[in-house]
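Right, one structure below, let's go through it.
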Amino acid sequence: MADETLIPSNAALAAHPTLGREKETPMQSVVKETAPALTLAQETNPWEAQAARFDEAAHRLKLDDGIWKVLRYPAREIIVHIPVQMDDGRIEVFTGYRVQHSVARGPGKGGIRYAPDVSLDEVRALASWMTWKCAVVNIPFGGAKGGIICDPKSMSQGELERMTRRYTAALIEFIGPEKDVPAPDMNTNEQTMAWIMDTYSMHMGQTINAVVTGKPVNLGGSRGRREATGRGISIVTDQALKHLNMVPAETTVIVQGFGNVGSNSAKLLWDKGYKVIGIGEYDGALFNADGIDISELLEFKAKKGTIHGFPGAQAADKDEILVSKCDVLIPAATENVITSRNAAKLQCRILCEGANGPTTTVADKILEEKGIFVIPDILANAGGVTTSYFEWVQDRMGYFWTEDEVNQRLERIMIDSFNDVLQYSVAHGVNNRTAAYMLAIDRVAYTTKQRGMYA
Ligand code: GLU
């Protein structure tokens with residue numbers, strides 16, 4: 001049980017500026033093991049969810065008070081309001097964020113998302129998760145994340161390009177290969193990265209492709225980057241199967257989300273002989289107890305722009321699919337999909353988190369009681385940023401690897417990281433998520449202390 005003196009006092013925290021502290025649960029109640037004070041905000045606010053997990057892991061690590069405060073809050077938060085001329089001549093102003101949580105272990109690293117519900121708290125959480133994710137896989141990056149509040153589905157390519165370029169220009173002094181390296185995230189892609197790379201390069205007077213990752217291969221992108229998050233997910237799922245004495249041919253999978261992460265996870269697992277029986281989307285789902293041919297589904301989606309109407313499966317309910325019986329459930333869409341409302345109904349053996357923050361803190365406890373083997377997001381989906389690291393390395397060398405070389409290196413890192421987390425969990429008697437946070441926080445804290453405080 002906790003030595004209360006190790007927990008930073010509320011007075012010390014109250015002295016810390018910003019971060020909507022009025023909404024936070026006082027830290028002392030968050031970190032008590034016996035009576036965790038979980039608030040409604042932790043179910044819906046990703047920042048609260050991240051902070052609660054951080055506090056629990058920091059507490060178990062007996063983290064020094066000062067380092068605790070340093071690592072709990074982002075180092076820098078940038079808000080920009082960017083004017084964009086729309087196709088009809090109107091000027092629209094979009095709000096964008098870039099949060100750099102930590103640069104202790106290397107440049108900030110993390111994606112940029114475009115969505116109507118982007119918020120500063122969400123970007124803060126995602127930036128912190130990038131720090132922990134990069135530390136779990138032990139790559140030399142800190143954590144950052146960006147986002148613009150917009151409805152990309154209703155915008156033309158021209159509008160998206162102008163918005164992206166203006167956002168890049170507004171952040172020009174804060175990003176760069178040695179400072180902060182953006183990448184794709186929800187609703188951004190290789191084309192978005194090409195625009196950022198070009199805008200940054202124009203400002204600098206030379207082509208600097210290492211400013212972003214997830215670029216098209218002919219602009220300095222890495223082979224294998226597009227599939228990397230899904231590939232990482234398939235690798236850690238294989239490892240979990242080995243650990244639990246299961247085999248792919250007898251393993252059923254349901255994937256929620258059929259974007260970059262979900263579709264590549266489903267395809268790679270299906271290629272390895274897993275039986276993918278369900279695919280969920282935001283507006284409906286597909287189910288086939290005999291397995292869905294993912295190659296055919298990908299072709300169907302490429303032609304029709306949707307998975308609905310696919311002849312190789314029956315239509316299903318998007319909420320029901322999450323709680324349908326399967327061996328491996330992969331939420332690969334967005335935050336807060338496994339909550340106090342549905343966690344008790346989950347029927348999977350393994351939960352492999354493709355999305356960032358798909359499980360709420362309240363749901364964590366329920367999953368633990370049910371004995372579900374959780375592969376936490378900061379491990380499960382780290383294949384994307386790991387291959388981003390390879391891309392950054394290749395850009396800086398100006399020498400590019402084959403896809404096999406990239407995939408082999410990725411496999412090595414994902415397997416090692418899976419084993420590190422598992423060992424940490426056994427050694428400390430904690431669940432996989434807490435183990436992953438402890439491992440990551442321990443690494444970042446070590447570097448932070450070693451660098452010392454500049455004053
Ligand atoms: N957006 C991805 C993530 O959440 C990739 C980040 C990156 O490659 O920098 O991990």
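Name the one entry in Lys62, Lys69 that is in contact with a helix residue (DSSP H, G or I) (Cβ under 8 Å, 6 or more places away or on another chain) and either within 14 Å of the ligand (Cβ to nearest atom) or not in a helix (DSSP H, G or I) (or both).
Details: Lys69 fails: either within 14 Å of the ligand (Cβ to nearest atom) or not in a helix (DSSP H, G or I) (or both).
None of the other options fit; the residue is Lys62.
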Do we find that Glu320 is among the acidic types (Asp, Glu), under 24 Å from Val362 (Cα atoms) and at pLDDT below 95 in this structure? no
In the stretch 107-123, which residue that is more than 9 Å from the ligand (Cβ to nearest atom) and among the β-branched types (Val, Ile, Thr) is surrounded by the fewest Cβ atoms within 10 Å (Cβ to Cβ)? Val118
So Ala289, is it in contact (Cβ under 8 Å) with a residue 24 or more places away in the chain and either under 22 Å from the mean Cα position of the chain (by Cα) or farther than 30 Å from Ala436 by Cβ (or both): no
Single match in Val328, Val337 (criterion: under 30 Å from Trp129 (Cα atoms), in contact with a Lys or Arg (Cβ under 9 Å, 6 or more places away or on another chain) and among the hydrophobic types (A, V, I, L, M, F, W, C)): Val328
For the stretch 85-129, name all the residues that are among the hydroxyl-bearing types (Ser, Thr, Tyr) and out of contact with any strand residue (DSSP E or B) (no Cβ under 6 Å at 6 or more places or on another chain). Ser119
When residues of the stretch 143-161 are limited to those that are surrounded by fewer than 20 Cβ atoms within 10 Å (Cβ to Cβ) and part of a helix (DSSP H, G or I), the one farthest from the ligand (Cβ to nearest atom): Gly158
Can you tell me how many residues within the stretch 418-455 are under 16 Å from Ala57 (Cβ atoms), surrounded by 21 or more Cβ atoms within 10 Å (Cβ to Cβ) and not β-branched (Val, Ile, Thr)? 8
Given the options Met414, Met397, name the one that is over 16 Å from Ile277 (Cβ atoms) and surrounded by fewer than 20 Cβ atoms within 10 Å (Cβ to Cβ). Met397
Considering Met130, Met193, which residue is within 11 Å of the ligand (Cβ to nearest atom) and more than 17 Å from the chain's Cα centre (by Cα)? Met193
Quick check: anything in the stretch 146-164 under 15 Å from the mean Cα position of the chain (by Cα) and not β-branched (Val, Ile, Thr)? yes
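Counting residues that are within 16 Å of the ligand (Cβ to nearest atom) and either acidic (Asp, Glu) or crowded, with 16+ Cβ neighbours inside 10 Å (or both), which strands (runs of 3 or more DSSP E) fully inside the stretch 268-387 reach at least 2?
Counting at least 2 such residues, we get 328-331.
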Pairs with Cβ under 9 Å, 6+ apart, first in the stretch 325-341 and closer than 18 Å to Gly371 by Cβ, second assigned to a loop (DSSP other than H, G, I, E, B) and among the acidic types (Asp, Glu): Ile338/Glu353
Could you look through the stretch 222-262, keep only residues that are within 16 Å of the chain's Cα centre (by Cα) and without any contact (Cβ under 8 Å) to a residue 40 or more places away in the chain, and pick out the one that is surrounded by the fewest Cβ atoms within 10 Å (Cβ to Cβ)? Arg226
Looking only at the stretch 224-259, how many residues end up being within 15 Å of the ligand (Cβ to nearest atom) and either in a loop (DSSP other than H, G, I, E, B) or aromatic (Phe, Trp, Tyr) (or both)? 6
Might you check whether a residue that is touching a Gly at 6+ places or on another chain (Cβ under 9 Å), part of a loop (DSSP other than H, G, I, E, B), of a type in the set (Val, Ile, Thr) and away from the ligand (no atom under 13 Å from the Cβ) occurs anywhere in the stretch 172-189? no
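The values are calculated or read from the model by the stated rules, or taken from the named source; none is laboratory data. Quick caveat, the model's predicted, so the values are computed rather than measured. Don't worry about glycine lacking a Cβ; one is built from the backbone with ideal geometry, like all the others, and counts go over all protein chains shown.
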